[in-house]
Amino acid sequence: MDLPIKEDIWHRIMKSDKLKSGKKKMKTIGLRSIMVLRDNEGLRATDALCRHMAWPLAYGGKVEDGCITCPLHKTKYDLENGQVKEWSPFPLFPLYGKIVGKMRKQSPLGIHKVRELDGWIEVLLND
Ligand code: FES
């Protein structure tokens, strides 16, 4: 018996011209919250919530050198692969950031495929 082949499902989430360079938007696909952003590398799509304590990264996340840094405790993720570069380092003194960092196990940010087609931004979820 042949197993059905899972098809890629691209989700149209917004018009391309609604996302200017340097901007981020939070969107939902079903029950999943994602963030799309446009930087000087192009378009990117990630999970919307910081893996540390679920802050929405579209609100205050700083994009720099191919990474995004959460504004709350400065957890930093690589936007190419979602890997953690720094886990809850803020604030350094007192060692509050490190203590709060231990409240949740370190884990990478989900990265999704994204494309522009016919004036729309489309996302292919990673699972
Ligand atoms: S919620 Fe993002 S670093 Fe703590």
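3J(HN,Hα) couplings calculated from phi for region 19-32 with the Karplus curve 6.51 cos²θ - 1.76 cosθ + 1.60 (θ = phi - 60°) are, in sequence order, 10, 7, 4, x, 10, 10, 9, 9, 9, 10, 10, x, 9, 9 Hz; Gly and Pro show x. The 3J(HN,Hα) values that the Karplus relation (6.51, -1.76, 1.60; θ = phi - 60°) gives for region 77-92 are, in residue order, 10, 6, 6, 6, 10, x, 5, 6, 8, 8, 10, 6, x, 10, x, 6 Hz. Gly and Pro appear as x.
Cα-based Rg of the chain per 2.2 N^0.38 Å, rounded to two decimals? Normalised Rg, Cα atoms only: 1.16.
The phi-based Karplus calculation (6.51 cos²θ - 1.76 cosθ + 1.60; θ = phi - 60°) puts the 3J(HN,Hα) values of region 68-75 at 10, 10, 5, x, 6, 10, 6, 4 Hz, whole numbers, x for Gly and Pro. Database remark: amide H of Cys67 closer than 5 angstrom to the amide H of Leu79 (H placed geometrically; neighbours at sequence offset of 5 or more, or on other chains; Pro and chain starts carry no H).
Based on C-alpha pairs under 8 angstrom that are at least 6 apart in sequence, the chain has a relative contact order of 24 percent.
Report, in deg cm²/dmol and to the nearest 500, the calculated mean residue ellipticity at 222 nm for the chain, where each DSSP H run with n ≥ 4 adds -39500 (n - 2.57) and the sum is divided by the residue count.
Values: 1 runs with 6 residues, N = 127.
Value at 222 nm, helices only: -1000 deg cm²/dmol.
When the charge dipole of the chain is built from unit charges on Cβ atoms (+1 for Lys and Arg, -1 for Asp and Glu) and taken about the Cα centre, the candidate among Ser88, Val63, Leu125 whose Cα reaches farthest toward its positive end is Ser88.
For region 40-127, the list of GluC sites (Glu not before Pro) that fall in a loop by DSSP and count at most 14 other C-beta atoms within 10 angstrom reads Glu41, Glu80.
Values quoted throughout were computed directly from the atomic coordinates according to the rules given, and no laboratory measurement underlies them. For clarity, every value in this text was computed on a predicted model and none was experimentally measured. Reconstructed Cβ throughout: ideal geometry from the backbone, glycine too, with neighbour counts over all protein chains shown.
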